[in-house]
Amino acid sequence: MQIKNDLTKDITFEDFKTEVLNDYTIAVTSRECSLLGRREVLTGKAKFGIFGDGKELPQLAWAKAFQNGDFRSGYYRDQTFMMAIGKLSIEQFFSGLYGNTDIKHDPMSAGRQMGGHFTTHSLDENFNWKNLTQQKNSSSDISPTGAQMPRLLGLAQASKVYRNLTDINSEKFSNSGNEVAWGTIGNASTSEGVFFETINAAGVLQVPMVVSVWDDEYGISVHAKHHTTKENISEVLKGFQRDSKHKGYEILRVKGWDYVELINTYQKASQLARIEHIPVLIHVNELTQPQGHSTSGSHERYKSNERLKWEKSYDCNMKFRDWIISNDIATEEEITTIDRNIKKEVKAAKLKAWKDFSEPIKEEKNAALKLMKTAAASASQKVFIHKIIAQLEIIHEPLRKDILSAARNILKYLIQENTPAKDKLIGWINAYFEEIQPKYSTLLYSESEYRATNISEVLPVFDATSKMVDGRVILRDNFDKILSKNPEVLIFGEDTGTIGDVNQGLEGLQEKYGEMRVSDTGIREATIIGQGIGMALRGLRPIAEIQYLDYMVYALQIISDDLSTLHYRTFGKQKAPLIIRTRGHRLEGIWHSGSQLGGILNLIRGVYVLVPRNMTKAAGFYNTLLESDQPAMVVECLNGYRLKEKEPANLGEFKTPVGIVETIKKGSDLTIVSYGSTLRIVEQAAKSLLEVDIDVEIIDIQSLIPFDLKKDISKSVENTNRLLIVDEDVPGGASAYILNEILEHQNIYQNLDSKPQMLTAKEHRPAYGTDGDYFSKPSADDVFEVVYAMFHEVYPTSYPKLR
Ligand SMILES: Cc1ncc(C[n+]2csc(CCOP(=O)(O)OP(=O)(O)O)c2C)c(N)n1
Ligand SMILES: [Mg+2]
């Protein structure tokens with residue numbers, strides 16, 4: 001079941017008929033999947049269903065225009081398209097609905113995502129790139145409405161980059177930039193900020209992007225009158241239409257049930273985007289939702305009878321059927337035979353998918369039951385155990401939770417036993433966890449041979465000619481080396497191009513490497529990240545700059561929802577090794593001094609978070625990351641660009657390792673851990689503390705995710721027996737994360753002679769000016785006093801109360 005997309009001109013009637021009926025078959029198959037899919041949820045076999053019924057026809061027209069190398073970035077309505085490009089079979093559709101954890105059965109996510117979230121595989125089993133130009137590609141869907149848009153921009157921009165930069169090895173990614181990035185979005189989701197941000201950015205960048213709006217007038221229960229000005233998105237976007245004087249969009253409108261016009265429209269859009277490299281918006285209206293929004297409710301509750309009647313008569317599949325018959329392409333009889341056969345085929349495939357999903361679990365249940373029964377036989381509390389066994393036995397369609405939960409509950413009744421049968425049951429539980437848990441928990445971070453934790457440190461080399469320079473010069477000269485060595489690296493952000501970033505870490509590099517590689521963007525943090533994700537998905541190595549850490553919040557949703565879940569949600573079948581560059585910590589005022597790392601750390605698991613204390617360390621992180629396939633964020637110290645550092649001779653080569661802490665001062669009395677700019681305050685305090693005979697050890701964490709993989713902090717606490725965490729985030733922010741890492745994973749509590757302490761900023765954002773900083777963030781005086789107080793508590797005579 002797959003569309004033909006070589007539309008030959010001199011087509012015979014028979015060929016034409018075959019093609020039309022093939023399209024019809026796909027449309028009706030997809031519909032039947034939606035209908036049966038809903039039933040599977042309502043009968044409890046699947047948990048949730050959201051389907052593509054009512055949107056079949058435009059997706060067939062789109063699939064005909066979609067070529068090898070092209071990319072989709074869409075949403076949960078696109079099952080017909082996925083079927084039409086040959087990337088979703090009926091069985092796979094149902095396997096996804098059931099949550100089959102075998103990637104062979106559910107190639108979309110191995111059961112990690114709910115059905116209706118589609119993807120294709122860009123990576124082979126060793127996480128190496130497949131040749132994306134020889135296959136049809138879909139980036140992986142996410143649920144937040146509109147969040148597919150930022151990455152769409154990057155997917156389209158990659159074509160522009162490949163067309164213009166010919167020294168990149170593009171063999172696996174592009175054929176002269178001829179690929180189109182196709183987006184889909186629901187009418188209601190166009191209200192999201194990221195939609196407008198993306199539309200504007202693509203108009204500015206003039207990239208080959210075609211956005212289809214599937215307009216069914218509703219967003220769940222909410223009518224277009226509450227969503228869209230004039231209830232018409234293409235009307236509202238008219239100002240983006242290109243004209244003889246201005247570049248812009250081509251905006252097309254088409255009715256979602258008009259087969260012929262749909263095909264013409266998609267062919268036109270494809271040509272425009274592919275050849276002219278311009279963005280196109282297709283507003284597909286008059287679409288319907290035959291079964292309502294999802295399995296969570298019924299649309300009869302909020303649609304008028306009139307609307308429901310209209311939806312019935314404008315159902316695109318019905319209209320297609322009528323068109324075929326009234327144009328004498330096939331008889332009603334022929335079509336009815338097709339309909340009947342499809343019903344049988346879908347039903348059979350559904351049953352097969354259910355068998356594939358449920359049989360292995362049934363076998364697991366039987367194996368476990370055997371062990372449970374043996375363990376019960378000799379147990380003194382066998383009555384209770386038999387009850388649990390009986391409850392499990394009657395579950396004919398068990399889930400793994402049912403089996404494992406029963407086994408774990410039985411163990412509670414075997415606490416006092418000491419039998420080989422009990423040991424066997426314990427062995428089974430442990431082995432089951434070992435086998436099953438990875439199905440749900442692997443691949444949050446890269447597990448390939450290129451993972452960043454595999455890359456060893458290369459120390460900076462200094463020689464007789466090494467000079468002391470401003471920190472930003474080290475960054476700049478290192479970026480120069482990076483850009484000259486790696487033609488696929490692109491750096492972009494606000495003020496990144498012409499002036500070489502606000503702190504001149506890229507000074508002169510646009511002039512040297514051109515506007516395509518070092519570029520300015522609009523003020524639009526979410527789509528800066530989207531550009532990065534999309535381009536990284538197509539083999540480029542983007543470095544996306546967010547001007548200040550404080551403005552990361554605008555980008556955080558996309559990093560959190562898209563980038564950080566990508567590798568996990570595709571079961572390692574896609575990667576976007578994007579590097580996010582930003583600067584933060586300690587400057588001035590509420591929005592230029594932030595260190596809201598607690599929020600970041602908790603929201604972007606899946607992305608490494610690196611916090612170098614100086615520019616040499618930062619440059620070393622960039623060098624490490626470019627050899628790896630792990631997305632990461634690097635936070636440079638805002639107040640470090642003008643501080644002097646010795647410039648290494650091996651620029652572009654030295655590497656800061658990830659997950660490795662560094663002891664920057666040895667000491668025996670207490671361990672202080674911190675990171676970034678705050679370390680300078682800690683170092684200052686350490687000098688004062690020496691004056692009162694307290695010799696602290698200072699550890700630079702430098703890599704928050706991953707965290708101290710060699711557990712060096714615990715080794716330090718073994719010697720000092722005291723721990724202070726200094727952090728400029730709010731109380732309970734990054735400091736809580738750090739303490740959790742140390743307590744949970746390094747088991748230090750037995751070695752502590754004092755309560756572990758945390759010194760953080762105040763709960764409010766830092767006030768402006770030097771005094772604002774002093775009264776908001778930890779100061780050297782605060783560090784001194786906290787450490788002193790810890791010693792006063794233990795040795796009140798030697799350390800009398802300070803104040
Ligand atoms: C950011 C976000 N807010 C809310 C939701 C819940 N939600 C899921 S679909 C949907 C309606 C989307 O309507 P539309 O864009 O018109 O697409 P349709 O389902 O009608 O095809 C909503 C509100 C969500 N998934 N993401
Ligand atoms: Mg809608």
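The values are calculated or read from the model by the stated rules, or taken from the named source; none is laboratory data. In this text the structure is predicted, and so the values were computed from the model without any measurement. Backbone-built Cβ (ideal geometry, glycine too); neighbour counts: all protein chains shown.
The set of residues in the stretch 279-318 that are basic (Lys, Arg) and under 27 Å from residue 211 (Cβ atoms) comprises 303, 307. Looking at the stretch 68-102 only, could you name the residues that are over 14 Å from residue 30 (Cα atoms) and within 15 Å of ligand 1 (Cβ to nearest atom)? Passing the criteria: 73, 74, 75.
When 446, 405, 378 are checked against the criterion of being at pLDDT 95 or above and surrounded by fewer than 18 Cβ atoms within 10 Å (Cβ to Cβ), 405 stands alone in meeting it. Tell me, please, whether a residue that is under 26 Å from residue 82 (Cα atoms) and within 13 Å of ligand 2 (Cβ to nearest atom) can be found in the stretch 229-238. Yes, there is a match, as at least one residue in the stretch 229-238 is under 26 Å from residue 82 (Cα atoms) and within 13 Å of ligand 2 (Cβ to nearest atom). Scanning the stretch 738-765 for residues that are hydrophobic (A, V, I, L, M, F, W, C), outside any helix (DSSP H, G or I) and within 18 Å of residue 722 (Cβ to Cβ) yields a total of 4. As for the stretch 156-164, it holds no residue that is within 16 Å of ligand 1 (Cβ to nearest atom) and either exposed (fewer than 15 other Cβ atoms within 10 Å of the Cβ) or of a type in the set (S, T, N, Q) (or both).
Looking at this structure, is residue 184 surrounded by 24 or more Cβ atoms within 10 Å (Cβ to Cβ), within 13 Å of ligand 2 (Cβ to nearest atom) and not hydrophobic (A, V, I, L, M, F, W, C)? Spelling it out, residue 184 is indeed surrounded by 24 or more Cβ atoms within 10 Å (Cβ to Cβ), within 13 Å of ligand 2 (Cβ to nearest atom) and not hydrophobic (A, V, I, L, M, F, W, C).
Of 153, 123, which residue is over 20 Å from residue 212 (Cβ atoms), touching a residue at least 40 places away in the same chain (Cβ under 8 Å) and within 20 Å of the chain's Cα centre (by Cα)? Going through 153, 123 in turn, just one is over 20 Å from residue 212 (Cβ atoms), touching a residue at least 40 places away in the same chain (Cβ under 8 Å) and within 20 Å of the chain's Cα centre (by Cα): 123. Residue 52 meets the conditions (1) buried (at least 21 other Cβ atoms within 10 Å of the Cβ); (2) free of Cβ contacts under 8 Å to residues at least 60 places away in the same chain in every case but one. The failed one is (2). Within the option set 233, 282, 263, 275, being of a type in the set (A, V, I, L, M, F, W, C) and surrounded by fewer than 16 Cβ atoms within 10 Å (Cβ to Cβ) holds for one residue only, 275.
Pairing residues of the stretch 60-78 that are of a type outside the set (A, V, I, L, M) with residues that are at pLDDT below 95 and more than 16 Å from ligand 2 (Cβ to nearest atom), at Cβ distances under 8 Å and at least 6 apart in sequence or on separate chains, gives 64/3; 64/4; 64/5; 64/7; 66/5; 67/5.
In the stretch 175-193, the residues that are farther than 24 Å from residue 57 by Cα form Cβ pairs under 6 Å with partners that are within 9 Å of ligand 2 (Cβ to nearest atom), at six or more places apart or across chains, as follows: 191/227. Scan the stretch 554-570 and give yes if some residue there is crowded, with 21+ Cβ neighbours inside 10 Å and assigned to a loop (DSSP other than H, G, I, E, B), otherwise no. Checked the stretch 554-570: at least one residue is crowded, with 21+ Cβ neighbours inside 10 Å and assigned to a loop (DSSP other than H, G, I, E, B).
From the list 47, 64, the lone residue that is of a type outside the set (Ser, Thr, Tyr), more than 21 Å from residue 357 (Cα to Cα) and surrounded by fewer than 24 Cβ atoms within 10 Å (Cβ to Cβ) is 64. Read through the list (1) within 19 Å of the chain's Cα centre (by Cα); (2) surrounded by 21 or more Cβ atoms within 10 Å (Cβ to Cβ); (3) not β-branched (Val, Ile, Thr), then give the number of the only condition that residue 132 fails. Residue 132 satisfies every listed condition except (1). Going through 191, 221 one at a time, which residue ends up being farther than 15 Å from residue 73 by Cα, crowded, with 16+ Cβ neighbours inside 10 Å and among the hydroxyl-bearing types (Ser, Thr, Tyr)? On inspection, the qualifying residue turns out to be 191. Where the second residue is in a strand (DSSP E or B) and among the hydroxyl-bearing types (Ser, Thr, Tyr) and the first is touching a residue at least 60 places away in the same chain (Cβ under 8 Å) and near ligand 1 (Cβ under 9 Å from one of its atoms) and lies in the stretch 206-221, which pairs have Cβ atoms under 7 Å and are six or more apart or on separate chains? Close Cβ pairs (under 7 Å, with a partner that is in a strand (DSSP E or B) and among the hydroxyl-bearing types (Ser, Thr, Tyr)) amount to 214/184. Residue count for the stretch 291-307, restricted to those that are touching a residue at least 40 places away in the same chain (Cβ under 8 Å), within 13 Å of ligand 2 (Cβ to nearest atom) and in a loop (DSSP other than H, G, I, E, B): 4. Of 116, 193, all but one fail to be under 21 Å from the mean Cα position of the chain (by Cα) and at positive phi; the exception is 116. Checking each residue in the stretch 366-375 for being surrounded by 15 or more Cβ atoms within 10 Å (Cβ to Cβ) and either at pLDDT below 95 or of a type in the set (S, T, N, Q) (or both) picks out only 374.
Being assigned to a strand (DSSP E or B), more than 16 Å from ligand 2 (Cβ to nearest atom) and free of Cβ contacts under 8 Å to residues at least 60 places away in the same chain is a property that holds for residue 250. Please work out if residue 180 is of a type in the set (Val, Ile, Thr) and either more than 16 Å from ligand 1 (Cβ to nearest atom) or at pLDDT below 95 (or both). So residue 180 passes the test. Whether any residue in the stretch 707-721 is over 31 Å from the mean Cα position of the chain (by Cα), in a loop (DSSP other than H, G, I, E, B) and not polar (S, T, N, Q) is what I want to check. Scanning the stretch 707-721 turns up no residue that is over 31 Å from the mean Cα position of the chain (by Cα), in a loop (DSSP other than H, G, I, E, B) and not polar (S, T, N, Q).
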